[in-house]
Amino acid sequence: MRTRFSMMLAALWWGSLTGLFVVVPMLFLHLGSPAVAGAMAARLFSAQTWLSTACIMFMLLALNKRGDPAQISWGSGAMKPVVAGLLLALLVEFGVAPHIISARAGGGNLKFWHGLGSAMLLGQWLCAGITLWRLTRHTDSTG
């Protein structure tokens, strides 16, 4: 039961990140101005951070049961993408996003900070995908 719950959380985490790759360009395509689209995209990215954090924390709680055959151990390397994804999400929200806002307002290096944030989002997407892949592989091998 906990493994299925964790798989659902990993799927939500990966799917919501995947959705951003579709939704954000659509905002810039269909909203009236880049400023309005950018503000809405910033809200979506912030919401994504909290969704990712919640999914990861519940996954960690669900999979941290000693003696459970479905437990994902630290030694197997399966937890590394989960923790890396959490760190990337929080770094984007609290490290990169404030620099994007100040660069946009004060004429700073917006291209650099936007590129860094995009790369970190892509990294988080890869972490979520690896986590989902490993959870489903683990379930396939246990029956």
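What pairs come out if I take residues in the range 1-13 that are in contact (Cβ under 8 Å) with a residue 12 or more places away in the chain and under 14 Å from residue 85 (Cα atoms) and pair them with residues that are of a type outside the set (A, V, I, L, M, F, W, C) and in a helix (DSSP H, G or I) whose C-beta lies under 7 Å away, six or more apart or interchain?
Going by the 7 Å Cβ cut-off, the qualifying pairs are 10/131; 13/52.
Conditions tested, residue by residue: (1) within 22 Å of residue 18 (Cβ to Cβ); (2) hydrophobic (A, V, I, L, M, F, W, C); (3) at pLDDT 95 or above.
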| position | (1), (2), (3) |
| --- | --- |
| 35 | no, yes, no |
| 39 | no, yes, no |
| 53 | yes, no, yes |
| 75 | no, no, no |
| 88 | yes, yes, yes |
| 102 | no, no, no |
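If you go through the range 75-113 one residue at a time, how many are under 23 Å from residue 13 (Cβ atoms) and assigned to a helix (DSSP H, G or I)?
The number of residues fulfilling the criteria is 20.
The values are calculated or read from the model by the stated rules, or taken from the named source; none is laboratory data. In this text the structure is predicted, and so the values were computed from the model without any measurement. When we count neighbours, we look across all protein chains shown, and the Cβ atoms used for this are built from the backbone with ideal geometry, even at glycine.
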